[in-house]
Structure formats: C-alpha cells, structure tokens
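Only one structure is covered here, and it is reproduced in the block below.
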Amino acid sequence: MSLNKHFSVAVIGGGPAGLMAAEELCQGGIKVDLFDAMPSVGRKFLMAGKGGMNITHSEPLPAFAGRYGNRERNIAPLLESFNPEALREWIHTLGIDTFVGSSGRVFPREMKAAPLLRAWLHRLREAGVSFHMRHRWLGWDEHNALRFATHDEENAEKLVQADAVILALGGGSWAHLGSDGLWIPLLEQRGVSVAPLKPANCGFNTNWSEHFSTRFAGEPIKTVALSYTDIAGIEHRKQGEIMITASGIEGGLIYALSAVLRDTIAKNGNVQIYLDLLPDKEEQKIVNEISQPRGSRSMSSHLQSRLGIKGVKAGLLRELAGAEVYADPKRLGAAVKRLPLTLVAPRPLNEAISSAGGITFEALDEQLMIRNLPGVFCAGEMLDWEAPTGGYLLTACFASGKAAGHGALNWLKYR
C-alpha cells in the first residue's frame, strides 16, 4: 500500500514497537516523525541484550501464542501476521544472522543488540524517518495538536500536528531507560481504559534471617524444582535455576512463574512454594543416604558427603528446616524434596524485567486504534499483556508495532 507523502504520522516511543511501526509506515509512503523522551532510542532494547540478545523462540506457533496467557486471543492474530520465523527473516534483511540455541531460543549470531539496532536505524534514516530526541509527550492541546516538552530553552514546549499517531511508550519497568508509565493519566483523561501496571518477570520477597541473607545473597541455586498450588487449586512444578537475593529470590525459574505467583499473593496475601533441592533423586533414596552412619561427622558434612548438598543449598535447608527436622532422617529427606518457602510480595515494578497491565484490548479495535480516539494507535508493552522471558516479550512488541503501523496506513487510506 502506498499513500501520498503529504500524510504525516507521529510515532511516540523509540523502542522495538515504535521503530517497527515507523518502518511499516515508511514502506507505505508516509512521512514519519519519531519522538522519544530519552537522548537516544532503543535503550531498554540494548539493556535487554546486554547478557545475550534473545530475540524470539523457535517453538511451534500454537505453543508460542499460549505463552501470553489470558491475552492469547489478542496476541495470536498479531503473531499470525508477523510470526517468529518472519521476525528472523526480517533480522536477516538487516545483515544480521541468527541461530537457535539448545533451549529453542533464537539469538543474533553476535549475541548482541547493538549491531542490530545500528543497522536498523541506518535503514530507517535512509527511508526518511526523522528522529526527535529529548521530546517528552505531554498529551494534546485544545486543537488536538501533540504537546512535547523539549530541552530547547527558547521553545520549552513544542506543538506537532499529525494525521495519525502511534503510541509505543512502553510499560512501567526500568523507568530510567524510558518506560516510566507517565503516559497513563494522559490517556485516562481522554477516557481510555488502562489496567493498572504490575511487575512481571520479577523477583519476590521473603523473610530471610539476617545471617542467611548476608551470607548467600547473590548465590545461584542450580538444578532445583519449584512447585506450588495456584488460586484455582492446580499444582504446578517447574525445574530450573533461582538466585538468592538479600530480600528473597529471583531468576529464570521464578520469572517464568511470576504472573501466577504475583496474582496468588494479591488474592491471599502470600504464596507458599516448595523447593526440591535434588529433583533427580527419589525421596526414599535420599532418606536411605541420610540414614547411613555418620560417626563423628556433623549432619552438614554428612549431607555433603552422601548427597552433595553444600553451600547455598545446605544454607537454605538449614534456614527453612527446623532443628527437629534435622534429627529425623525421614523428615529431613522429605524437606530436601519439598522445602517450604513463603513469598510475601513481588519486587517493585521498576525492578521488574517487564510489566503487566496497560491499555486494555477492549479499548482498541482490530487495527490497534483507540476506539474513542480515532487516528491514535497503540503498540508494544503499553498494551495490557504479559509474557515470560525467552523471546516472547520482544516478538509481541515487534508484531504489535507492525500491526499498528499497518492499521494507521489502512485508516489513512480510507479517510
């Protein structure tokens, strides 16, 4: 679809969703001005790629779409239009190779976000996108012009007229990188339904003793299984790795379950989880090993010798199992397989990897346009969805940005 260049669209937000919307609009012949409050675009994207840029996942699309929980029906159509394989092919057009890791996760060959972002921005500038940094969106004036606060002392506020607007302002996590949620009252004042932002892919607080917290904060626990019963009475079990923090626990295993853990705490005040410290060993075999004579050795030395339980695992067992449990091999074996830990609160939103909540899909039409604000489209994490880490967050941001850009093109075509 190619439209007359006299149309102009303002894209507000320079993360993956906003940049993808800008690209879609350029391909349709639209003049695009992209605004961002930060000094440069893609800051959270670059930070997310610091430890290895996980761009998407290779699992089949039905399973992939299922990762979005109760928003699967809203996200699935976006993925059908721009699926993970299409995302990989798009990355290849930037001259960036990708590969599938042993976990099924997809990475750029160099494992970094910066080369991808540089190539992408070069292409967007070549296509005519104009970038306006240090422009914080303040809503609209009485004539429906976009208001921006700038760092220009002579003109502290700038007014911009646009034929359509795409909002891709992010959620509420990592505010120092630009996703600060300050857009919420600007839309609520216009009658837009916004679900409260909540931490997603986050750690949780518990009540460690000072001794345990001081000694083991920052220590990973590898090969552990976590089980718990959700508010519907369904028991879940997942194996992975967790990290002890000064205030509780975090890590990939916790992030994968954070949505249900967070919602259970919201309903019940806390949630009790159980840790299996030796998920590859049967309980009876553990009890048999503990029951072996230990002579003058301490129980800690005995557990290390017979079962390899040492370091942070030994500390965790001592922290959560009472002295009376240590005196009984059967109870101690049961504790190794099902060690109770109470989580009392998720960590603050700003510490979370991502956020849940945002503009509800019920406030949008099928083109991601706000129903009561014609010509205003939304994309990315500011929409009310969440997903675990593993490439699912980025894929939905890319796909929703492309969909919003396409929606704006359609809307302009039939104006």
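I need the helices (runs of 4 or more DSSP H) fully contained in region 13-82, keeping only those with at least 1 residues that are crowded, with 20+ Cβ neighbours inside 10 Å and modelled with pLDDT under 95.
On the way: elements: 16-27, 43-48, 61-65, 72-81.
Result: 43-48.
Has region 25-43 got any residue that is closer than 19 Å to Gly401 by Cα, in contact (Cβ under 8 Å) with a residue 60 or more places away in the chain and within 18 Å of the chain's Cα centre (by Cα)?
The answer is yes; a qualifying residue exists.
Quick one: which strands (runs of 3 or more DSSP E) sit completely within region 158-269 and have at least 2 residues that are farther than 30 Å from Met382 by Cβ?
Details: elements: 164-167, 194-200, 220-229, 235-244, 248-250.
Ranges flagged: 220-229, 235-244.
For the list (1) closer than 30 Å to Pro348 by Cβ; (2) in contact with a helix residue (DSSP H, G or I) (Cβ under 7 Å, 6 or more places away or on another chain), I need the number of the one condition that Ala164 fails.
(1)
Is one or more of the residues making up region 245-252 in contact with a strand residue (DSSP E or B) (Cβ under 6 Å, 6 or more places away or on another chain), polar (S, T, N, Q) and modelled with pLDDT of 95 or more? If you could, list the steps in order and put the result at the bottom.
In the first step, residues of region 245-252 are kept if they are in contact with a strand residue (DSSP E or B) (Cβ under 6 Å, 6 or more places away or on another chain); the result is 247-252.
From what is left, the residues that are polar (S, T, N, Q) are 247.
Next, from what is left, pick out any that are modelled with pLDDT of 95 or more: 247.
So far as region 245-252 goes, yes, one or more of its residues are in contact with a strand residue (DSSP E or B) (Cβ under 6 Å, 6 or more places away or on another chain), polar (S, T, N, Q) and modelled with pLDDT of 95 or more.
Restricted to region 394-415, and to residues that are at pLDDT 95 or above and open to solvent by 10 Å² or more (accessible area, probe 1.4 Å), which residue is nearest to Ala48 (Cα to Cα)?
At the first step, the residues of region 394-415 found to be at pLDDT 95 or above are 394-412.
From what is left, the residues that are open to solvent by 10 Å² or more (accessible area, probe 1.4 Å) are 394, 397, 402-403, 406, 410-411.
Details: Leu394: 10, Cys397: 13, Lys402: 20, Ala403: 23, His406: 26, Asn410: 32, Trp411: 33 Å.
My answer is Leu394.
Picking from Arg297, Arg306, Arg331, which residue would you name as being part of a loop (DSSP other than H, G, I, E, B), among the basic types (Lys, Arg), over 22 Å from Phe204 (Cβ atoms) and open to solvent by 50 Å² or more (accessible area, probe 1.4 Å)?
Selected residue: Arg297, the only one of Arg297, Arg306, Arg331 that is part of a loop (DSSP other than H, G, I, E, B), among the basic types (Lys, Arg), over 22 Å from Phe204 (Cβ atoms) and open to solvent by 50 Å² or more (accessible area, probe 1.4 Å).
Do you know which residues across region 177-224 are in contact with a Pro (Cβ under 9 Å, 6 or more places away or on another chain) and over 14 Å from Gly357 (Cβ atoms)?
Passing the criteria: Gly203, Phe204, Asn205, Thr223, Val224.
Keeping to region 359-393, report how many residues are open to solvent by 30 Å² or more (accessible area, probe 1.4 Å) and hydrophobic (A, V, I, L, M, F, W, C).
Count: 1.
The values are calculated or read from the model by the stated rules, or taken from the named source; none is laboratory data. Every value quoted in this text rests on a predicted model; they were computed, and no experiment measured them. FYI the Cβ positions are ideal-geometry reconstructions off the backbone, even for glycines, and counts take in every protein chain you see. To get the accessible areas, we keep the full protein, side chains included, count just its heavy atoms, and leave off ligands, DNA and RNA. Shrake-Rupley method; radii C 1.70, N 1.55, O 1.52, S 1.80 Å.
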